[in-house]
Amino acid sequence: MKLGNNLKILRIQNGNMTQEALAKAIGVSRQTIISLERGRYMPSTLLALRLARFFNKPLEDVFFIIDEEQPLS
Amino acid sequence: MEEKTIKIILIVVILAAVIAAIIIPRSGLRKYLRMNETLFVTTNVLGTICGLAGLVLSIIMPATVIRLHLWELIILPFALIYMYWLMIADAQKKEQVLDEKQEFNMSGGAVVSWCVSIVFMGLVFSQYQNGNLSGGVWFLLFFFQTLTVFSAATLYFYKYK
């Protein structure tokens with residue numbers, strides 16, 4: 001199971017915001033935003049909620065599950 | 001450089017750093033104390049360089065490194081930059097100066113350095129048993145190897161994970 005996100009789209013929709021500006025607004029490093037956007041880093045619940053709140057979106061609009069595992073029979 | 005000169009340099013620098021660490025976070029300069037990405041990367045680059053330098057010197061001339069206190073001189077830049085981290089934490093009145101990914105990557109670096117140090121210390125022990133290594137140098141080898149691997153692994157995880 002992987003965690004996908006719409007961070008890059010939301011950033012662009014939000015006045016073509018740079019990664020640096022988003023990082024500063026959220027209080028993390030730019031490298032954290034880069035890793036999040038590339039799906040290499042899974043954020044904590046707190047950081048995910050902070051990002052959703054910043055974009056004024058429900059959490060599911062910012063983060064979503066990809067490659068859903070098969071349910072156990 | 002003589003042993004006495006190195007000792008004086010060490011004492012003066014450490015004393016100045018401690019005084020600065022006490023005074024600066026309580027002065028008007030505190031607003032300039034900020035943790036940022038460059039500082040985090042610089043710290044780990046410095047850790048890798050100091051660690052490697054210490055490791056190489058401890059292998060090729062262990063007696064001189066111990067006698068002249070060179071190992072303390074080698075770790076001094078790294079110690080000073082960590083003292084700067086403490087100043088930032090003190091100025092911002094919070095324990096956490098890193099973001100969650102940086103902390104996560106440092107944990108990864110610590111795990112890698114722990115695993116590598118087990119193998120490395122096994123090698124050191126075997127060399128000691130064969131009489132190729134003096135007993136007094138094990139700590140320096142352990143310390144510099146840990147510093148090198150921890151800093152390099154943290155930097156790698158931070159950039160590529």
B:Leu123 is checked against (1) modelled with pLDDT under 90; (2) assigned to a helix (DSSP H, G or I) and fails just one. What number does that condition carry? (1)
Residue list for the range A:33-47, filter: touching a residue at least 12 places away in the same chain (Cβ under 8 Å) and either out of contact with any helix residue (DSSP H, G or I) (no Cβ under 7 Å at 6 or more places or on another chain) or of a type in the set (S, T, N, Q) (or both): A:Gly39, A:Met42
B:Met83 vs (1) more than 14 Å from chain A (Cβ to nearest Cβ); (2) touching a helix residue (DSSP H, G or I) at 6+ places or on another chain (Cβ under 6 Å); (3) crowded, with 17+ Cβ neighbours inside 10 Å: all pass except (3)
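Can you name the helices (runs of 4 or more DSSP H) wholly within chain A that have at least 1 residues being within 12 Å of another protein chain (Cβ to nearest Cβ), closer than 19 Å to B:Val41 by Cβ and of a type in the set (A, V, I, L, M)?
Working: elements: A:7-13, A:19-26, A:30-37, A:45-55, A:59-62.
Those helices (runs of 4 or more DSSP H) span A:19-26, A:30-37.
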Among the numbered criteria (1) away from chain A (no Cβ under 14 Å); (2) buried (at least 16 other Cβ atoms within 10 Å of the Cβ); (3) at pLDDT below 95, which single criterion is violated by B:Ser117? (3)
With the structure loaded, tell me whether B:Leu68 is touching a Phe, Trp or Tyr at 6+ places or on another chain (Cβ under 8 Å), farther than 20 Å from A:Val28 by Cα, more than 14 Å from every other protein chain (Cβ to nearest Cβ) and touching a residue at least 60 places away in the same chain (Cβ under 8 Å) or whether it fails that test. no
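The values are calculated or read from the model by the stated rules, or taken from the named source; none is laboratory data. All values derive from a computational prediction rather than experimental measurement. Counting neighbours? That spans all protein chains shown, and the Cβs are built from the backbone with ideal geometry, glycine included.
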